[in-house]
Every structure is written in C-alpha cells, then in structure tokens.
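Here is the structure we will look at.
The values are calculated or read from the model by the stated rules, or taken from the named source; none is laboratory data. These numbers come from a predicted model, not from an experiment. Reconstructed Cβ throughout: ideal geometry from the backbone, glycine too, with neighbour counts over all protein chains shown. Surface areas here come from the heavy atoms of the whole protein model, side chains and all, with no ligands, DNA or RNA. Shrake-Rupley method; radii C 1.70, N 1.55, O 1.52, S 1.80 Å.
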Amino acid sequence: MNSKLLFAALAACLALAACDRPVVVTPPSTVPGPAGPAGPQGNTGNTGYTGSTGSTGNTGATGYTGNTGSTGSTGSTGATGAPGASGDGTTVIVMPAASAPAR
C-alpha cells in the first residue's frame, strides 16, 4: 500500500510541475533598418457590365367620352318698339368744323 501512495504522490508532483512552465521571451538582437521604397501600384480592376434597360410599361386604357348636355330652351321674343314719327320732307346736312390751316 505504501508503494501505491508513493507512486500517486510522485505522479501528482510530475503533473503539476509539467503544467507550470514560464515562457521565456528573448528580445530581438538587432534593430531593424529603415523601410525600403514602396512597391509599384497594382492594376485597376475591370469595370462591370451595364445592366439591361427595363421593359416599357403598357399604355393605359382610354377613358370614356362623357354624355352630351341638354340643349337649353329658346328665349322669348322681345317686345316690338313703337313706330317712328313720319318726316316733314326736309334734309339736314351736318358739316365738320373747320380745322386750322397747315403750316
């Protein structure tokens, strides 16, 4: 029984010791130099295709023609005027006023 207990304790120590290893970080040994020149610019991509034009819509239906209105009633005839007086046979001539002579 002592050997089983000793074996279990030894296994537990090894398991715990294997899990807790610190990571060693080594700093870089040299300082990097200045950056090099920029590379050439890449090619421009292709332009996509233009989409299709949509279909033209249908023409709407023509509306109905309205009904013709009723004709109005005929108006009454006006009153007849009184007859004029008969003349005495003389003729009257109206002359325009004399204008000033042109200069």
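Structure above, values below:
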item	result
Per residue accessible area in Å² of the chain, where ligands, DNA and RNA are left out and the probe is 1.4 Å	111 Å²
Candidates per chymotrypsin sites (Phe, Trp or Tyr not before Pro) in the chain, loop by DSSP, up to 10 other Cβ within 10 Å	49, 64
Percentage of interatomic Cα-Cα distances in the chain larger than 16 Å	89 percent
Helix 2-19 axis, angle to the chain major axis (alpha carbon atoms, nearest 10°)	40 degrees
Helical contribution to [θ] at 222 nm, DSSP H n ≥ 4, -39,500 (n - 2.57), averaged over the chain, rounded to 500	-6000 deg cm²/dmol
